[in-house]
């Protein structure tokens, strides 16, 4: 029997008891009331143990929940930091990559310009040399023709 039903039964005994006229007193069945009180006394310790256990379990669940909440928050903070670091690393890598590409393009232009200039110098020297050779050939032919 649980505590509430025993108390309800005691209340019912009191309500259904005979009343003494002109007073607020009643006649109760002593044996039945004492039996109910004994059952209440034996039920109370069990109810108290159960309520203590429930309170302990509640505290344990709250404590576990708080620890889990703290762990989840810490994990979330770490993830945010990692993502922030990753995004910063990615941003810096993009900046470095853009600088490398710009330098490579500049070096490529310099190499192309240098190659063109070198090729032009070579061709100019060849043109001058060929011009001298053509002049010498023409002079040699002229000399041959004048010997006739």
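Each reported figure results from applying straightforward, stated rules to the coordinates on display, with no laboratory input. Quantities reported herein were computed from a predicted structural model and do not represent experimental measurements.
Compute the acute angle (0 to 90°) between the alpha-carbon long axis of helix 30-146 and the principal axis of greatest extent of the alpha-carbon atoms of the chain; round to the nearest 10°. For 30-146 against the chain, the angle is about 0 degrees. Each stretch of four or more DSSP H residues adds -39500 (n - 2.57); spread over every residue of the chain, this sum gives -33500 deg cm²/dmol at 222 nm. Across the chain, Cα-Cα pairs farther apart than 18 Å form 82% of the total.
Between 0 and 90 degrees, the angle of helix 3-15 with respect to the longest Cα principal axis of the chain falls at about 30 degrees.
Our summary gives segment 1-82 a relative contact order of 28 percent, counting only alpha carbon pairs under 8 angstrom and 6 or more residues apart. Between segment 1-70 and segment 83-140, the C-alpha centres lie 99 angstrom from each other. As a length-normalised measure over Cα pairs under 8 Å and 6 or more apart, the relative contact order of the chain settles at 15 percent.
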